[in-house]
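Take a look at the structure below.
The values are calculated or read from the model by the stated rules, or taken from the named source; none is laboratory data. Just so we're clear, the structure is a prediction, and the values are computed from it rather than from any experiment. Cβ sites come from the backbone with ideal geometry, for glycine too, and all protein chains shown count toward neighbours.
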Amino acid sequence: MGNNIIYVENLHKTYLIGDIKVHALRGINLSVSKGEFIAIMGASGSGKTTLMNLLGCLDIPTSGTYRLDDVDIHMISENDLATIRNEKIGFVFQSFFLLSRTTALENVELPLLYRKDLKKTVRKKLAINALKTVQMQDRLDHHPNQLSGGQQQRVAIARAIVNDPVLLFADEPTGNLDTRTSLEVISVFQQLHQKGITIILVTHEQDIAKYADRIITFKDGRIKTDLVNKEKYNAIDDLKKLPVDEDE
């Protein structure tokens, strides 16, 4: 595999709905190098989210090969798969999925509760450091309803990176956010990428995909294009170009 963190060969995913077979993925071949920032685009039903679920070990393929960080996912137990999900992979979703009655700090600590080797003080320190990474260290004791949408997504990103994952998946992470807040969130992803985290971002927006190094487009369960983004944008630069809100 060399420097590849992801290697996929002839990956298929078929769902059976009643008597009808739905071919969500039709023979995907893909490799992702460590440290890449990839955007996966496509219309609803094109297969992009199905692929993310398979790569994130949230689902299993119908057929084909998937190796993650030199581990053949088909050859390991469910317990080992759960360990990989918790320790090697981080997930960020469109809807944040924060616990409403739990503070930002406690939300970020959640993945660490599975680490029986960690003391409470260590868990807290790791969670605080993750929140510092996304510039939310001054909101430790705030609950989700006390945070803006962008702040909630930053907390969700902190939760995703608290275990120091090798791979970060983001499924439409800016789908519920306005332009300025979307750019703020994308700037966080670009900063994490600069630190060496491999990022796979699923989006249907070209305006979001342009911040990635590589753009893969899906259509009808197949990869239509896979191109290096030669005109990569910088989210922080674009934030500076936005007009100042009079209410700010």
- Task: Count, please, the residues in region 153-206 that happen to be closer than 26 Å to E106 by Cβ, out of contact with any helix residue (DSSP H, G or I) (no Cβ under 7 Å at 6 or more places or on another chain), in contact (Cβ under 8 Å) with a residue 60 or more places away in the chain and surrounded by fewer than 18 Cβ atoms within 10 Å (Cβ to Cβ).
- Result: 1
- Would you check if there is a residue in region 76-97 being over 15 Å from the mean Cα position of the chain (by Cα) and under 11 Å from R159 (Cα atoms)? no
- Which residue pairs have Cβ atoms closer than 7 Å, lie 6 or more positions apart in sequence or on different chains, and pair a first residue in region 7-18 that is surrounded by 14 or more Cβ atoms within 10 Å (Cβ to Cβ) with a second residue that is aromatic (F, W, Y)? V8/Y66; L11/Y66
- Task: Being in contact (Cβ under 8 Å) with a residue 40 or more places away in the chain, outside any helix (DSSP H, G or I) and farther than 21 Å from S187 by Cβ is the filter here, so list the residues in region 121-152 that pass it.
- Result: H143
- Out of all the residues in region 58-77, which are surrounded by fewer than 17 Cβ atoms within 10 Å (Cβ to Cβ) and either under 26 Å from N107 (Cβ atoms) or not charged (D, E, K, R) (or both)? L58, D59, I60, T62, S63, T65, V71, H74, M75, I76, S77
- Give the number of residues within region 42-58 that are over 11 Å from the mean Cα position of the chain (by Cα) and either of a type in the set (F, W, Y) or in a loop (DSSP other than H, G, I, E, B) (or both). 8
- Item | Residue ID - nearest to P165 (Cα to Cα), chosen from residues in region 207-248 that are of a type in the set (S, T, N, Q) and exposed (fewer than 15 other Cβ atoms within 10 Å of the Cβ) | N234
- Considering region 98-129, residues that are of a type in the set (V, I, T) and over 14 Å from N163 (Cα atoms), and then whichever is surrounded by the fewest Cβ atoms within 10 Å (Cβ to Cβ), we arrive at T121
- Could you tell me whether T133 is hydroxyl-bearing (S, T, Y) and surrounded by 15 or more Cβ atoms within 10 Å (Cβ to Cβ)? yes
- In region 8-17, anything modelled with pLDDT under 95 and of a type in the set (S, T, Y) is listed as Y15
- Task: Only residues that are more than 19 Å from E87 (Cα to Cα) and of a type in the set (S, T, N, Q): list them for region 154-191, please.
- Result: T174, N176, T179, T181, S182, S187, Q190, Q191
- Message: Can you tell me which residue is nearest to the chain's Cα centre (by Cα) among those in region 60-75 that are under 24 Å from G196 (Cα atoms) and in a strand (DSSP E or B)?
- Response: L68
